[in-house]
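**Student:** One structure is given below, represented as structure tokens, and several questions about it will come after.
The values are calculated or read from the model by the stated rules, or taken from the named source; none is laboratory data. These numbers were taken from a predicted model, which means no experiment stands behind them. Here the Cβ positions follow ideal geometry from the backbone for every residue, glycine too, while neighbour counts run over all protein chains shown. Quick note on the areas: whole protein, heavy atoms, side chains included, nothing else; ligands and nucleic acids left out. Shrake-Rupley method; radii C 1.70, N 1.55, O 1.52, S 1.80 Å.
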Amino acid sequence: DFARSYLDDDDYLVSSDLAGSLDFLYLVTSGETFWDEIKEYNKEYFQKLFDRLGWEKKEGEKHTTALLRSLVIGSLGRLGDEEILKEAKRRFNEFLKNPDSLHPDLRCMVYSLVGWSGDNKTYVILLQQFRKSTMQEEKLRFLGALSTFQDEKLLARALKFALTKEVRSQNLHLPIMRVAANPYGRNLVWPWIKKNWKQIVKKFGTGSPLINRVISTVSVVYDSKKEPEIRRFFKQHHTPGTEMKLAQTIER
């Protein structure tokens, strides 16, 4: 009821904060018996926002409207809106023929939705685009999209790829955080972090603040029952500079 009362609010900060919170509820309740109810509520909420925003940029609109549009369309796609997914795929196919056809404001979201509804063939295409891109910003968009699949095998593949030389050390946290924020990848992250911790630290370098971003993902994927195991692991694998973030993560 609280969220619904803000549906007509056109302030970006208000709408994006509510949308982000609804997305987070959708993530943390995955697997619960009432997940479908959360899903249906979110679909109704985001659909009303989409009806106002649409796909196309309107003359004279604020730049924040474009950010909200991308967030809303992305959320609807992940909630299974067939029309949104179909249009995202159409725009991506057009982009492959003519890169200038896809507006930069929509690229990250379109790539991610193509991954969300895609398969192994899609993974290969996104990886090819990552390797083909010369702009770092575009590379990051494709790297993030590789972590949006619903297939656990493809998400595990994305995590494995993140540790290769093709991914810059300062970008390693991106696929990890994206998989952690994916309802279908939540169970992969902690086992993967434990297995590859030494390699992760080596890639970042001891003392890098980016390691803290990896640690923070643990609070998203697990509840308090995992606290003893998480605390024990990081005690055994103490890494300087992570003490405060670990305390915040366990508290969260």
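**Student:** Report every pair of residues separated by at least 6 positions or lying on different chains whose Cβ atoms are under 6 Å apart, first residue within segment 29-45 and hydrophobic (A, V, I, L, M, F, W, C), second not in a loop (DSSP other than H, G, I, E, B).
**Tutor:** Matching pairs, first to second residue: I38/L25; I38/Y26.
**Student:** For segment 83-103, which positions are assigned to a helix (DSSP H, G or I) and polar (S, T, N, Q)?
**Tutor:** N93, S101
**Student:** Could you grab me the full set of residues in segment 40-62 that are open to solvent by 50 Å² or more (accessible area, probe 1.4 Å) and under 23 Å from A145 (Cβ atoms)?
**Tutor:** K43, E56, K57
**Student:** Give the residues of segment 63-82 that are among the acidic types (D, E) and open to solvent by 90 Å² or more (accessible area, probe 1.4 Å), sorted by residue number.
**Tutor:** Once the filter is applied, which keeps residues that are among the acidic types (D, E) and open to solvent by 90 Å² or more (accessible area, probe 1.4 Å), segment 63-82 yields only E82.
**Student:** Can you pull out the residues in segment 12-35 that are outside any helix (DSSP H, G or I) and loosely packed, with under 12 Cβ neighbours inside 10 Å?
**Tutor:** Answer for segment 12-35, where residues must be outside any helix (DSSP H, G or I) and loosely packed, with under 12 Cβ neighbours inside 10 Å: G31, E32, T33, F34.
**Student:** Also, quick follow-up: Can you find even one residue in segment 170-177 that is in a helix (DSSP H, G or I), in contact (Cβ under 8 Å) with a residue 40 or more places away in the chain, among the polar types (S, T, N, Q) and open to solvent by 20 Å² or more (accessible area, probe 1.4 Å)?
**Tutor:** yes
**Student:** Filter segment 203-235 for residues that are open to solvent by 20 Å² or more (accessible area, probe 1.4 Å), closer than 17 Å to R168 by Cα and touching a helix residue (DSSP H, G or I) at 6+ places or on another chain (Cβ under 9 Å) and give the result.
**Tutor:** Selection gives K203, F204, G205, S208, P209, L210, N212, R213.
**Student:** While we're looking at this one, here's another question. Identify, from the list R107, R78, R69, R52, the residue that is more than 20 Å from the chain's Cα centre (by Cα) and of a type in the set (K, R).
**Tutor:** R52
**Student:** Please find, within segment 136-152, the residue that is most open to solvent (accessible area, probe 1.4 Å) out of those that are in a helix (DSSP H, G or I) and closer than 9 Å to Y111 by Cα.
**Tutor:** In this case the residue turns out to be R141.
**Student:** How many residues does segment 179-201 contain that are more than 16 Å from H238 (Cα to Cα) and open to solvent by 10 Å² or more (accessible area, probe 1.4 Å)?
**Tutor:** Of the residues in segment 179-201, 8 are more than 16 Å from H238 (Cα to Cα) and open to solvent by 10 Å² or more (accessible area, probe 1.4 Å).
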